[in-house]
Amino acid sequence: MSVEGARDYLEEKTTRLRASGLSMTAEVVRGDPARRIVSAANTLNADLIVLTTHGKKEMDAVFSGSVANKVCGMGDTPLLLLRAWKPLRSSFRS
C-alpha cells in the first residue's frame, strides 16, 4: 500500500470513529514500526495503543518478529491487541 493509500484508509476509519465520539490520532510514518509506535505514544502521552494482530501462534510470532510483540516489550503505554478481521468466504456460488 502506498503512503497516500494508507493516509486515505486511516482518514476513512478515523472519521467514522470520531463521529461515534472517540478521540484519536492516526498518522502514517516510516521507519521501524515498533519503535515508531512506541515513540509516537510517548510523544503524544497516549492513554492506549491499539494494534491489530494476524493471530499467529506464539512461536511463529517470535520467529517472524511480530510488531505487537516488540511494542509490548518496549513501551509502558497499555496495549490492546485486536484480531484482524477477515471476511468469511461463502461456500455458495451464484
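The values are calculated or read from the model by the stated rules, or taken from the named source; none is laboratory data. The shown structure was predicted, so the numbers you read here are calculated from the model rather than taken from an experiment. Cβ placement follows ideal geometry from the backbone for every residue including glycine, while neighbour counts extend to all protein chains displayed.
Residue by residue, here is whether (1) at pLDDT below 90; (2) among the acidic types (Asp, Glu); (3) in contact with a Lys or Arg (Cβ under 6 Å, 6 or more places away or on another chain) holds:
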residue: Glu11; (1), (2), (3): yes, yes, no
residue: Ser66; (1), (2), (3): yes, no, no
residue: Cys72; (1), (2), (3): yes, no, no
residue: Pro78; (1), (2), (3): no, no, no
residue: Arg89; (1), (2), (3): yes, no, no
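Apart from one condition, Ile49 fits all of (1) of a type in the set (A, V, I, L, M, F, W, C); (2) outside the structural domain of Met74 (by TED's automatic domain parsing); (3) under 13 Å from the mean Cα position of the chain (by Cα); the exception is (2).
Modelled with pLDDT of 90 or more and of a type outside the set (A, V, I, L, M): is that true of Arg35 in this structure? Against the criterion (modelled with pLDDT of 90 or more and of a type outside the set (A, V, I, L, M)), Arg35 qualifies. Within region 12-36, residues that are within 20 Å of Met1 (Cβ to Cβ) reach partners that are in a loop (DSSP other than H, G, I, E, B) and at pLDDT below 85 with beta carbons closer than 7 Å, at six or more positions or on different chains, in the pairs Thr14/Met24; Thr14/Ala26; Leu17/Met24; Arg36/Val29. Scanning region 10-24 for residues that are of a type in the set (Ser, Thr, Tyr), loosely packed, with under 10 Cβ neighbours inside 10 Å and closer than 18 Å to Leu44 by Cα gives a single hit, Ser23. Is it fair to say Arg7 is among the charged types (D, E, K, R), surrounded by 12 or more Cβ atoms within 10 Å (Cβ to Cβ) and touching a residue at least 24 places away in the same chain (Cβ under 8 Å)? So Arg7 does not fit the description; no.
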